[in-house]
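First the structure, in the form of structure tokens, and then the observations on it.
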Amino acid sequence: MMAQASSIDRLPDDIRDRLQELLRDPRVTQLEATRRINGILEEEGASERLSKSAVNRYSRKMDEVGAKLRQSREIAKMWIGKLGTEPQGEVGKLLNEMVRTLAFEATMEMADGTEPIQPRMLRDLSIALEKLEKAASENVKRDQDIRDRALEDAAQAVEKGASAEQIRALREQYL
């Protein structure tokens, strides 16, 4: 059985956007945000009102999501900073792994009931993972092609009696 959508999830998008805006404003308390949104709902003739506890739960959930996003960005920033001097393929591998991890975490949350199972989300995750695997496979193939080309160029240079300078140039180009 699927859980019923919260009163905030049932809000029209424009009103939910307004609530999010109010909750991000440090000058506005949750009580004030609740009062203002209920005022908008009343003006529009809606019968439903938000409770303080619903706004509090929603705010906490958004804070948790924001914290996870900030943490993910910091981790990515650290790794990309570290890998900035590495070949571009290494950054791609890192990002692929991060997306795989996020997909795994989302799937686990759906499996344990933390988040409701959404067929569209499962489909989107499947498509994303398929594309990731294809990209990873293409990266491996491209890396192998680069190595093969480097070996071919080096072999040709040796056959032609390359100088030490030419061999150094090849090393810098490919390694």
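Mind checking which pairs have a first residue in the range 34-58 that is within 14 Å of ARG16 (Cβ to Cβ) and a second that is among the hydroxyl-bearing types (Ser, Thr, Tyr) and assigned to a helix (DSSP H, G or I), Cβ under 9 Å, 6 or more apart or different chains?
Going by the 9 Å Cβ cut-off, the qualifying pairs are LEU50/THR34; LEU50/TYR58; ALA54/THR34; VAL55/THR34.
Please find, within the range 74-110, the residue that is modelled with the highest pLDDT out of those that are hydroxyl-bearing (Ser, Thr, Tyr) and farther than 15 Å from ALA136 by Cα.
The residue in question is THR107.
From GLY161, GLY113, grab the single residue that is within 30 Å of ASP9 (Cα to Cα), modelled with pLDDT of 70 or more and more than 20 Å from the chain's Cα centre (by Cα).
Just one listed residue meets the conditions, GLY113.
Filter the range 139-175 down to the residues that are free of Cβ contacts under 8 Å to residues at least 40 places away in the same chain and basic (Lys, Arg), then identify the one that is farthest from GLU97 (Cα to Cα).
LYS160
Of all residues in the range 20-64, how many are over 24 Å from the mean Cα position of the chain (by Cα), hydrophobic (A, V, I, L, M, F, W, C), surrounded by 12 or more Cβ atoms within 10 Å (Cβ to Cβ) and assigned to a helix (DSSP H, G or I)?
The qualifying residues number 7.
The values are calculated or read from the model by the stated rules, or taken from the named source; none is laboratory data. Not measured: the values here are computed from a predicted model. All Cβ positions, glycine included, derive from the backbone under ideal geometry; neighbour counts span all protein chains shown.
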